[in-house]
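Please treat every number below as a calculation from the coordinates, not as lab data. In this text the structure is predicted, and so the values were computed from the model without any measurement.
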Amino acid sequence: MKMKKYTADTMPEAMKLVRKELGEEAVILNSKVAYSKGFLGMFKKKFIEVLAGIDTFDPPPAPAEKETVQMVHSNKATDEIKKELEDLKHMVKSIQRPQMDVNYPDELSALIHHLKEQELAEELITTVSDELFMHMKENNKKIDLEEQITNTKKLLSSLLDQVPFGGITYSKKYINVLGPTGVGKTTTIAKMAARAVLEKKKKVGFITTDTYRIAAIEQLKTYAGLLQAPIEIVYNEKDLQDAMKSFESLDIVFIDTAGRNYKETKFVEDLQKLIDLKENTESFLVLSSTSKQKDMEVIIEQFKDFPIEKYVFTKLDETNSIGSIINLMVKYKKGLAYYTDGQEVPEDIVEANQNELLNLLLKGIRYE
């Protein structure tokens, strides 16, 4: 039997290495979680270590009578290893198939089903499932649903730790709010501004570049009136500079950009020309949680040259799944500022934090 040791950050990555070199008939002889030595015992890095093997010899001729006992013992040992670790072998063959075809233990079925229903990315579900499966193997015990949820939160937290959470930092004067038509951008701006006035006692103003939709201008004017905040409508760069100058005494100025079709590059380029993004500005991209993830990815790609710090997701009250929020944050390494769950101003907006987001994702899991 040809044997080789492989190391990788995750079990799926290790399985790919095994299959690439040894083929789909390889057998996993041993696997474990290991840690690097780190520096002075600190900064240890976790990795997966897998010992795999494959038969590379042809069946030998019939053994002589004296060799029979030795062969029997040898074959028995090999059979025991294969039998004991057969539940890992399928992970090698599954690399050719979609990741979610892996047959995980029944104890994980409720969690996996829930994550699928939440539309969490398959690679993330696979990562979670593999880690839980490895945990069960290492400790030689089953884990109940509560422990599964706790471990899942830890795993997803490790992925989200690299992105920021929370709303306006109030470290910059201009809050540039971007987003396509129909996501509730103007209402979201009103909610953000109302919180700044009512909770932070800030003096706010509004600038709108959305001169294409009269209804949007009137809506923002209404909110500005309720907050007793000034508003300026700008049509070009000079108008914008004049508005900024007139708002010098204000603490925070919200810029409502034109809600046009950002699938068209021209509109994005026009916006870049109009707004000087280096001008003490904090930018947020508003997306609707009811949109298809592929459509949101197109919008995000169009804004890749903008210094967007965080996303704002609207309409959580209109969807039963929030997995796409986490998918996009992980994929594009962007944070989450707020999510909204209704039309009431300023009530229906929540400043995001990691723990609450994961609680929403994992809420309502039950055994089938």
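Principal axis extents for region 137-179, Cα atoms only, whole Å, descending order, please.
Projected onto the principal axes, the Cα atoms of region 137-179 cover 56, 17, 17 Å.
Could you give the semi-axes, largest first, of the ellipsoid that matches region 155-196, computed as the square roots of 5 times the alpha carbon gyration tensor eigenvalues and rounded to whole Å?
24, 16, 10
Indicate the gyration tensor shape class of region 297-361 (rounded, prolate or oblate), computed on the Cα atoms with a ≥ b ≥ c the square roots of the eigenvalues: a/c under 1.5 is rounded; otherwise a/b larger than b/c is prolate and the rest oblate. Intermediate values should be presented prior to the final figure.
Details: a/c = 1.76, a/b = 1.46, b/c = 1.21.
Verdict is prolate for region 297-361.
Bins of 10 Å, beginning at zero and ending with the bin holding the largest distance: percent of Cα pairs per bin for region 98-257, please.
9, 29, 17, 14, 18, 11, 2
For a 26 Å ceiling on Cα separation, which of these pairs sit above it: K221/K245; K4/K153; K142/K333; K153/K191; K153/K331? Mind showing how you got there, number by number?
Details: K221/K245 20 Å; K4/K153 33 Å; K142/K333 34 Å; K153/K191 29 Å; K153/K331 18 Å.
Too far apart for the 26 Å limit: K4/K153; K142/K333; K153/K191.
Once phi is turned into ³J(HN,Hα) by the Karplus curve 6.51 cos²θ - 1.76 cosθ + 1.60 with θ = phi - 60°, what whole-Hz value does each residue of region 16-23 show in order, with x for glycine and proline?
5, 5, 4, 5, 4, 8, 9, x
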